[in-house]
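As structure tokens, the structure follows; a few thoughts come after it.
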Amino acid sequence: MLLFLRRHRVLVVTSFMLLVALYVVSAHWERPKDLTFLDNLGLYVVVPLQLGVRWALAQPIGLWHNYLYLVKVRQENVRLRGEIARLQGEVGRLLEADQANRRLRALLEFKERAVIPLIAAEVIGRDPSNWFKAVLIDRGTEDGVRRGMAVVNADGAVGTVMQASRRAAKVLLLIDTNSSLGVMVQRTRAKAILVGTLEDRAQLKYLRRSDDVAVGDLVVSSGLTGTYPKGIAVGRVSQVEKKGYGIFQYAEVTPSVDFSRLEEVFVVPDGRAEIAEAPAAR
Amino acid sequence: MRRFVIFLGAGLALLILQTTLLAAPSGGWWRPDLVLVMVGYLGLYWGSLRGVLLTFLLGYAMDLLSGSMFGLHIFTRLVDFGAAYLIGQRFYRYSAVYDLKLCMVLALLDGVVTALFIQAAGAGTPAVEVAALLLIPQVLLAGIFCPPVFVLLQRAERVLRRPVPA
């Protein structure tokens, strides 16, 4: 027996670890728990590294644009290369500043519409797996971020804080399969639960067959859960399907937020906050 | 011990690349799973208790950054490690094509196990859609990134084996 265990120790230990992992998964199955000391320690190591990489990535973008412009200019006119490159670099820098300005102005306008203060945060990393949709933000419990808080941006609802460490927090996006949010169709007030799919879309569950829903209808948060403010734009109905049977109908929602370009977000500390609708709804 | 710590650092570096730089070009969601490739390497070339521990830690780090049920990545990475170890024990061939095929098989296995967990959690997306959307890109990306990551790790091993000058 001992000889067998020794000979196959790698497989035996791997199997044991698999059982431990299964136990951990089952313990966290229903809902995520608070971070333990070890989890916090892990994030304490990883988050500064992610911030560093993010900073390092931001630097070459300007250089890259300038270089491309420089090559192009060299082909066109060698004599004017230096001057044009400088000007193009300046234009690139100004365009980048202009874009950042527009984005930040939109965020500022959104923040002003909110009655209570919001916690501004930046996305510093994405889910390592292709199967799940979560992002890491650079604000944590030190800044007042807590598990369950809503996360929004100028375009609408983004997700919910899943776990928070001291300096960072994990946000589960609305399009993740584990995400669910109480919503309603703005036009008819029909209520449903929005759940994520494996694609960058979401679907409405428990939408009654008799409810009036049409393609193009705006879907907003219902505010019934208490953690998410009422009236936040979630997306637009892109497909409605009524099968020949059943008490519910199927509807697909295209989110208002472009999750692939998520950079800045706001955490809503109080789900009962009032945020005016209108421009946020695209 | 030095080898273990350096490989742990390398694994974390790959993980951070995966969540930042490599997440950008595809708009965020389709990125190569470099940690999976590294776990394949560990199963194939380490095949020791340190390899199991390192795999566990890398899975744990992935769980910390992921929106999945906590522990899922520990589980899937250990399954990948075990599979790579068993395949390596029985059918080992030292060639880049073999490594590439192994990574693709591991990516497929990893995807199937993850899909089963997602289904069990109640997300009902059709299997064909899952395969087209996630599984096939994941397998292909694992195959593409396998040779360079293996070469990099093998070089690191060679450097680490050199005697340290007194």
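Quick note: the coordinates plus some simple rules give every number you see, no bench work behind them. Predicted model only: the values in this text are computed from it and were never measured. Quick reminder, even Gly has a Cβ in these numbers, built from the backbone with ideal geometry, and neighbours come from all protein chains shown.
By count of other Cβ within 10 Å, fewest leading, how are B:C146, B:C103 ordered? Could you put the intermediate results ahead of the total?
Working: B:C146 25, B:C103 30.
With the fewest neighbours first, B:C146, B:C103 line up as B:C146, B:C103.
Inside 10 Å of the C-beta atoms of A:44-55, what's the mean count of C-beta atoms belonging to other chains? Numbers along the way, then the final one.
Working: counts 0, 3, 7, 3, 0, 6, 5, 1, 2, 6, 4, 0.
The shielding value for this peptide is 3.
Helix by helix, which DSSP H runs in chain B go 15 Å or more along their axis at the Cα atoms and have an average Kyte-Doolittle hydropathy of 1.0 or more?
Numbers: long enough: B:2-19 (26 Å, 1.52); B:49-65 (25 Å, 1.56); B:72-91 (28 Å, 0.73); B:96-120 (36 Å, 1.67); B:136-161 (37 Å, 1.05).
Result, helices passing both filters: B:2-19, B:49-65, B:96-120, B:136-161.
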Roughly what would the spin-label model give for B:A121 and B:L8, points 7 Å off Cα along C-beta, in nm? 2.7
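In the neighborhood of A:F132, defined by Cβ-to-Cβ distances under 11 Å, what is the net charge if each Lys or Arg adds +1 and each Asp or Glu adds -1? Before the final figure, lay out the partial values.
On the way: positive: A:R126, A:K133, A:K170; negative: A:D127, A:D176, B:D63.
Its environment carries a net charge of 0.
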So what J values fall out for region A:129-145 if you push phi through Karplus, 6.51 cos²θ - 1.76 cosθ + 1.60 with θ = phi - 60°, rounded to Hz, Gly and Pro as x? 9, 6, 8, 10, 10, 9, 10, 9, 10, 8, 10, x, 4, 4, 9, x, 7
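Shielding of A:11-24 by partners, i.e. mean partner chain Cβ atoms within 10 Å per residue? Walk me through the numbers on the way to the answer.
Values: counts 6, 2, 7, 13, 3, 2, 11, 8, 2, 5, 14, 5, 2, 8.
The shielding value for this peptide is 6.
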According to a simple spin-label model (label point 7 Å from Cα along Cα-to-Cβ), what is the distance in nm between A:Y44 and A:R146? 2.3
How would you order B:50-59, B:92-101 from highest to lowest mean count of nearby Cβ atoms within 10 Å? B:50-59, B:92-101
Name the long-range amide H neighbours of A:S238: under 5 Å, sequence gap of 5 or more, or other chain; modelled H, no Pro or chain starts. A:G216, A:E252, A:V253, A:T254
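In a shell of Cβ-Cβ distance under 13 Å around B:G59, excluding B:G59 itself, what net charge do Lys and Arg (+1) and Asp and Glu (-1) give?
Working: positive: B:R77; negative: B:D33, B:D63, B:D80, B:D110.
Result for the local shell: -3.
Suppose we look only past 19 Å in the calculated P(r) of region A:180-256. What percent of the Cα-Cα pairs does that tail hold?
Details: 741 of 2926 pairs.
Percent of Cα pairs beyond 19 Å in region A:180-256: 25.
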Members of A:K205/A:K242; A:K133/A:K205; A:K170/A:K205; A:K170/A:K191 lying beyond 21 Å, as alpha-carbon distances in this model show: A:K170/A:K205; A:K170/A:K191
What does the charge add up to near B:A23, with Lys and Arg as +1, Asp and Glu as -1, over the other residues with Cβ less than 9 Å from its Cβ? +1
Sorting A:S180, A:S15 on the 10 Å Cβ count, fewest up front, what's the list? A:S15, A:S180
What does the helix-only formula give at 222 nm for chain B: each DSSP H stretch with n ≥ 4 adding -39500 (n - 2.57), the total divided by the residues, and the result rounded to the nearest 500 deg cm²/dmol? -24000 deg cm²/dmol
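Can you give me the Kirkwood hydrodynamic radius for chain B, using every pair of distinct Cα atoms, in Å to one decimal? Mind dumping the intermediate values first?
Working: mean 1/r = 0.0614 Å⁻¹.
Kirkwood radius, chain B: 16.3 Å.
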